[in-house]
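First the structure, in the form of structure tokens, and then the observations on it.
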Amino acid sequence: MTKVHTITHPLVQHKLTIMRDKNTGTKEFRELTHELSQLIGYEAMRNIKTELVEIETPLVKTKAPVLAGRKLALIPILRAGLAMADAIADFVPNAKIGHIGMYRDPNTHLPVEYYCKLPSDIENRDVFLLDPMLATGGSAIAAIDLLKQYGASNIKFVCILSAPEGVDKIRQAHPDVEIYTGSIDEGLNDHDYIIPGLGDAGDRIFGTK
């Protein structure tokens, strides 16, 4: 699956293990979310284009690379994705940030959109869709559907943790979308939670139940 990238760097795996621990508190969990978002987002941005510009160092004039090409958009899926957007924006502060609000209907388990605000030129941007967890894939697919309706065409999905069921569903529904994740876990339980997972990322980030 060349469109699916699992980031196996030791730092990513070490920090992910601490996140999984039920005894990790809200403050540390939030900090780890920030750090892992940057580490995984760094890999997701590995192939963005650069161009050479002329600068002058204290010694000589030279040509050196700067970011070029299409501009970037960070689109967190509310609410847990907010923590990822803030972290990655530290690297690319000129990126526009949009928001997509989704919740899972408790009866149908299907995603329901309740908010969408995107950059007006989304069709001209490289889009990074952000959500810490990729479980069933329902919310991610609905968000990608929505982005494409607004004209986005170059979309990468960035998450900290994923289930094989969600990865497979995105690959089937949107084979053009690359997935970047810190781990593909064993699978989903009867309540569609990732196993072994780390619990509810949003609740652990924001300290809610």
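Points to keep in mind about this one:
- Options E35, E51, E31: the member that is over 26 Å from C159 (Cβ atoms), over 12 Å from the mean Cα position of the chain (by Cα) and of a type in the set (D, E): E51
- Residue list for the stretch 15-27, filter: of a type outside the set (V, I, T) and surrounded by 14 or more Cβ atoms within 10 Å (Cβ to Cβ): K15, L16, M19, R20
- Residue that is surrounded by the fewest Cβ atoms within 10 Å (Cβ to Cβ), among those in the stretch 139-157 that are closer than 13 Å to N124 by Cβ and not hydrophobic (A, V, I, L, M, F, W, C): G151
- Residues that are over 30 Å from G138 (Cβ atoms) and part of a strand (DSSP E or B), drawn from the stretch 54-102: E54, I55, E56, K61, T62, K63, A64, P65, V66, L67
- Residue-level check: of (1) among the aliphatic types (A, V, I, L, M); (2) closer than 22 Å to E113 by Cβ; (3) assigned to a loop (DSSP other than H, G, I, E, B), L146 misses just (3).
- If you go through the stretch 103-129 and keep only what is closer than 18 Å to S153 by Cβ and not in a helix (DSSP H, G or I), you end up with C116, L118, P119, S120, D121, R125, D126, V127, F128, L129.
- The stretch 137-164, residues that are in contact with a Leu (Cβ under 7 Å, 6 or more places away or on another chain) and β-branched (V, I, T): I144, I155, V158, I160
- Per the listing Y103, Y115, Y150, the residue uniquely in contact with a helix residue (DSSP H, G or I) (Cβ under 6 Å, 6 or more places away or on another chain) and aromatic (F, W, Y) is Y150.
- Residues of the stretch 1-58 satisfying the condition of being touching a residue at least 40 places away in the same chain (Cβ under 8 Å) and either more than 20 Å from M84 (Cα to Cα) or of a type in the set (F, W, Y) (or both): M1, K3, K22, F29, Y42
- Qualifying residue in the stretch 96-111 (condition: closer than 27 Å to N47 by Cβ, surrounded by 22 or more Cβ atoms within 10 Å (Cβ to Cβ) and modelled with pLDDT under 95): no
- Some residue of the stretch 162-174 being part of a strand (DSSP E or B) and either among the aliphatic types (A, V, I, L, M) or at pLDDT below 95 (or both): no
- Residue in the stretch 114-135 that is of a type in the set (G, A, S), closer than 17 Å to D200 by Cβ and modelled with pLDDT under 95 present: yes
The values are calculated or read from the model by the stated rules, or taken from the named source; none is laboratory data. The structure presented is a predicted model; accordingly, all values stated were derived computationally and were not measured. Counting neighbours? That spans all protein chains shown, and the Cβs are built from the backbone with ideal geometry, glycine included.
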